[in-house]
Amino acid sequence: MSETAQLKIGDKTYDLPVIEGTENEKALDISKLRDLTGYITLDIGYKNTGATKSAITFLDGEQGILKYRGYPIEQLAEKSTFIEVAYLLIYGKLPTTEQLDKFQFEINRHTLVHEDMKKFFDGFPSKSHPMGQLSSLIGALAAFNPESLEPGLSAEIVDLEIHKLIAKMSTIVSWIYKKSLGHPVNYPKNKFDYVTNFMYMTFSQPTEQYEINPVVISAMNKLLILHADHEQNCSASTVRIVGSSDANLYASISAGISALWGPLHGGANQAVIEMLEQIKEDGGDTDKWINKAKDKNDPFRLMGFGHRVYKNFDPRAKIIKKACDDILENLGVQDEVLEIAKRLEEVALKDPYFVERKLYPNVDFYSGIIYRALGFPTDMFTVLFALGRLPGWIAQWKEMKENKEPIGRPRQIYTGATDLDYNDISSR
Ligand code: CMC
């Protein structure tokens, strides 16, 4: 017999079905609660609320486990490529050689961005934040792909939009970087794989021969894989909820990019490097900054520390820390902020404030140091997070559509004024 939980309100008892996932996590199904009892549940910030059932990503915050479609992140980061992981997340299975070649081919066919998009792009001030540009440009793609606006799209059209979006996102990200330097944009070279093409468009100059460094391409693949999905976080939930209104894929992803921008989410990777730079300029006294983070009267938080779900360690941070050491050594980069980062981590991991609150370095603590070593400016970091997260957002959007989920519409407990009578402005 399936498990149920009992809820007692006054003298009445209600049975709530228990839902169990494939990794044995359990949930109380309260979907009929209001109909049965007149009550709703209240969970501000959704700390305890499952918004959906999903077969894409599993994470166990207590044990520091992260799996995409059942595969451990450690194995994927070590052995796979970003484009293969994108296929896995979106279509549910690791591809055969033929499937992977076709996927890469279909994406490559769409790497050019409509030249009229450059008119929007040229309108941005050259120093405007890359995330604002990215969110607007991805939203604008809907205007160039009107077939995406029809509700009830066929599977072929959905696939077409997925290929276009993955392809054009990397071209647009490279444009944004080029614009920040005042350099001409590069057109894609479709003989390259996805990550190499992105790095080529971003870093090649018309004046020089572009040298492909396999160490750099491999580090970039790893970083993008580690960011590719993270189940129902702020931006993925945004993508699902926007998509649930039947808004098109571009609009949904553009909303996800906006959600990612905030420093409590994807924007943390930029905030980490800015914080480390600030500590460096302040003389490198890590104890002083740890004390600031602990001081309840000081709004400062140790950026790159803590996570809503990981309360033991962030498995992505472990992999990234090692990759960071490897790439800096390989490129021969000496970075003082890395030393400060290591000192901060060492002190914080022993400090009772951080230990008691289970605050550990998260994925963003080291990713920025790698991006810096690869030559990206700080305000591009969150855009790179978005490039990595794109397949995850697409997979979440597609799953939500395939499961025919209803429009997302939370309820509330009203706490405002009641029964006021309108009085004329002259008497207020
Ligand atoms: N520095 C100092 N204190 C902290 C920090 C921090 N980074 N993070 C949490 N705390 C304290 C917080 O003040 C609170 O203390 P108290 O119980 O005394 O009031 C306690 O720890 C719990 O914090 P919370 O804000 O209730 O925890 P949360 O689960 O709501 O927030 C978080 C998670 C990631 C927003 C938060 O830890 C944070 O702001 N971290 C810094 C920003 C950051 O690195 N974000 C990237 C997250 S990983 C990338 C991604 O997946 O988006």
>> Given points 7 Å out from each Cα along the Cα-Cβ axis, report the Ala155 to Ser128 separation in nanometres with one decimal.
In response: 4.0 nm
>> On a full-extension model of 0.36 nm per residue, what is the gain between Arg411 and Tyr39, subtracting their alpha-carbon distance, rounded to one decimal in nm?
In response: 132.8 nm
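So for the stretch 1-154, what are the equivalent ellipsoid semi-axes in whole Å, largest first, each being the square root of 5 times an eigenvalue of the Cα gyration tensor?
In descending order, the three semi-axes are 41, 25, 17 Å.
Normalising by the residue count of the stretch 277-377, find the relative contact order in percent from Cα pairs under 8 Å and 6+ residues apart.
Here the relative contact order equals 40 percent.
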> How far is it, in nm, from the label point at Gln6 to the one at Lys358 when both lie 7 Å from their Cα along the line to the Cβ?
Replying inline: 3.0 nm
> Remind me, relative contact order of the chain in percent, using alpha carbon pairs under 8 angstrom and six or more residues apart?
Replying inline: 20 percent
> For the chain, what number results from the quotient of the Cα radius of gyration and 2.2 N^0.38 Å?
Replying inline: 1.06
> For the residue pair Arg343 and Asp29, what label-to-label distance in nm results when each label sits 7 Å from Cα along the Cα-to-beta-carbon direction?
Replying inline: 5.6 nm
> Among Ile65, Ile9, Ile327, what is the fewest-to-most ranking by other Cβ atoms within 10 Å?
Replying inline: Ile9, Ile65, Ile327
>> So if each residue of separation counts as 0.36 nm, and I subtract the Cα-Cα distance between Gln334 and Lys93, what length gain in nm does that give?
In response: 82.7 nm
> 222 nm [θ] for the chain, helices only, -39500 (n - 2.57) per DSSP H run of 4+, per residue, to 500?
Replying inline: -16000 deg cm²/dmol
>> Strictly greater than 15 Å: what percent of every Cα pair in the stretch 294-334 meets that?
In response: 61 percent
> Between the stretch 203-271 and the stretch 317-360, how many Å separate their Cα centres?
Replying inline: 23 Å
>> Between the stretch 98-130 and the stretch 39-70, how far is it from one alpha carbon centroid to the other, in angstrom?
In response: 32 Å
>> Based only on other Cβ atoms within 10 Å, what is the fewest-to-most ordering of Phe354, Phe300, Phe198?
In response: Phe300, Phe354, Phe198
> What list do you get for Ser427, Ser204 if you sort them by fewest beta carbons within 10 Å?
Replying inline: Ser427, Ser204
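Just so you know, all these numbers are worked out from the coordinates, no wet-lab data involved. As the structure is a prediction and not an experimental result, all values here were calculated from the model. Cβ coordinates were reconstructed from backbone atoms using ideal geometry, including for glycine residues, and neighbour counts include every protein chain displayed.
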